[in-house]
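Remarks on the structure that follows.
The values are calculated or read from the model by the stated rules, or taken from the named source; none is laboratory data. Note that the coordinates shown come from a computational prediction; the quantities given were computed from them, not determined experimentally. Quick reminder, even Gly has a Cβ in these numbers, built from the backbone with ideal geometry, and neighbours come from all protein chains shown. Side chains are part of the model used for accessible areas, which takes the heavy atoms of the whole protein and leaves out ligands, DNA and RNA. Shrake-Rupley method; radii C 1.70, N 1.55, O 1.52, S 1.80 Å.
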Amino acid sequence: MIVLKNAKILNTEGELVDVNIWMEDGIIRKITNLEEAVPTDADVQDVEGKFVSAGFIDMHVHLREPGFEHKETIATGTRSAAKGGFTTIACMPNTRPVTDTPETVQLILDKAEQEGSVKVLPYGSITKNELGRELTDFVTLKNAGVIGFTDDGVGVQNARMMKDAMNWAKELDMPVIAHCEDDSLVKGAAVTDGVFARKHGLKGIPNESEAIHVGRDVLLAEATGVHYHICHVSTEQSIRLIRQAKQIGVKVTAEVCPHHLLLSDEDIPGMDANWKMNPPLRSPRDVEACIEALVDGTIDIIVTDHAPHTEEEKAKGMELAPFGIVGLETAFPLLYTKFVATGKWPLSLLVNRMTSDPARTFGLNTGRIEEGAPADLTVIDLDTERQVNPDEFLTKGRNTPFTGWSLKGWPMKTFVDGRLVWSN
Ligand code: DOR
Ligand code: ZN
Ligand code: ZN
């Protein structure tokens, strides 16, 4: 038995209460008040009144392995996740080869088992090689262990293809997860169509390139009855469509990334590709819409879209560098510091959107501190302020726009199934 002594946890009313948490065989056995006697043979770890959350869940991570090990591996990506307080992550299939066969799924599961620090849930691709031409074999991929289907990195351009995918997924009781982007409206642009693009004479990515797919797909989801989940929502228009679809009972869920809640295109300091991701940073008005939607539940969960790239790739500049920023090690401190410590959100809102809400959205048996639940836990220091320093990251990626930000809410220890997988 391990006992986490003097832990502060959120109760169902969202208040902080002092408890001891007993863990055994990977399970939370008992949650007691501080007075109750601890078994004499227990391994007692006193966390001295620190906040303890259910381990965070990130349903949108690029682990890059197989094929892009120079950017990230399952070993480095999951260590980065553990350092960020995450205990479960879902990994995107835009690997090389694309995760479109049972062999590649098995390779990811084996590596995660042997070298991974946290739980890894693979997605399979919707189309072979993510080319949008031919559906993958959903039955085989489901049997191999994928938890959903997505062509993340690119949008599924063809409506017929998407509808067929949804019909198959519905039949198998699996979700379809969509990167919403209409290529015909993007045409090689690197930043949003807005203030920054105009100032630098760049082509822009318009908001409709995302929202058009959202609109198309909620109609297809209504028609097919599938669970349709929308990746990295970034625009006011998408949110309007999601809100309407939810109102009429379409089974649609959505996610948002910390950077789309914290940064707009007006914050981009210059032609620095550490500010380049897809979808791009949008207008301040879109940022406000994302925040409002996350608070009112129109957007269900927070994800990072952790997308590591090498420094050489990012050095190619705003127009040529690949899209993407890392996110696992800064997500909670960023959102805690900017929304909770400032009094804008209750702590429970942020924690729920990173734990119980993703668990419910994807039917995962974790994400809560309860007797009988897996002992996936994160101990967090809510008080000490430290600056974001990419040289200290465990991810191979250094691509972040948040360098130097002074933040609180840094994870101190992460437990997966009762095992300490990371400690500062
Ligand atoms: O910024 C992004 N990076 N957006 C995507 O859709 C893909 C991802 C990547 O794989 O790097
Ligand atoms: Zn994407
Ligand atoms: Zn992604």
Taking +1 at the Cβ of each Lys and Arg and -1 at the Cβ of each Asp and Glu, which of 227, 412, 6 sits farthest along the dipole of the chain towards its positive end, judged by Cα position relative to the Cα centre? 227
Percent of Cα-Cα pairs more than 15 Å apart in the stretch 50-92, please. 39
Measure of size requested: the Rg and Dmax of the stretch 1-151, with Cα atoms as the atom set and Å as the unit; please supply both. 19.6, 63
A chain fully extended from residue 389 to residue 113 at 0.36 nm per residue, minus the present Cα-Cα distance, gains in nm 96.4 nm
For the stretch 111-185, take the convex hull of the Cα atoms, compute a quarter of its surface area, and give me that in nm², please. 5.7
hull vol. (C-alpha, convex hull) per residue for the stretch 146-252, Å³ -> 87
Could you give the size of the charge dipole of the chain about its Cα centre, using +1 on the Cβ of each K and R and -1 on the Cβ of each D and E, expressed in debye and rounded to the nearest 20? 740
Two pseudo-spin positions, 7 Å from Cα along C-beta at residue 240 and at residue 344, lie apart in nanometres by 2.3
Calculate the spin-label point distance for residue 12 paired with residue 172, positioning each point 7 Å from the Cα along the beta-carbon direction, and give it in nanometres. 3.6
To the nearest 10 square angstrom, what accessible area does residue 142 show with a 1.4 Å probe? 80
Taking the stretch 47-186, the lysine pairs whose C-alpha atoms sit under 25 Å apart (8 or more places apart or on different chains) add up to 17
With viscosity set to 1.002 mPa s and temperature to 20 °C, compute the Stokes-Einstein D of the chain, Rh being the Kirkwood radius across alpha carbon pairs; µm²/s, no decimals. 99
For the stretch 217-370, compute the orientation-averaged projected area of the C-alpha convex hull (one quarter of its surface), in nm². 10.4
So for the chain: antiparallel DSSP bridges make up what percent, rounded to the nearest 5? 50
If each Cα of the stretch 69-225 is one equal point scatterer, what is log10 of I(q)/I(0) from the Debye formula at q = 0.11, 0.21 Å⁻¹? -0.51, -1.21
Let's test this: bin the Cα-Cα distances of the stretch 348-412 at 5 Å from zero up to the farthest pair and state each bin's percent. 4, 14, 16, 19, 17, 17, 11, 2, 0
Return the Cα extents of the stretch 217-285 along principal axes one, two and three, sorted largest first, each rounded to a whole Å. 44, 19, 16
Could you work out [θ]222 nm for the chain from helices alone, using -39500 (n - 2.57) per DSSP H run of at least four and dividing by all its residues? Round to the nearest 500 deg cm²/dmol. -8000 deg cm²/dmol
Nearest 0.05, what FRET efficiency do residue 160 and residue 208 give at R0 = 22 Å with Cβ-Cβ as r? 0.55
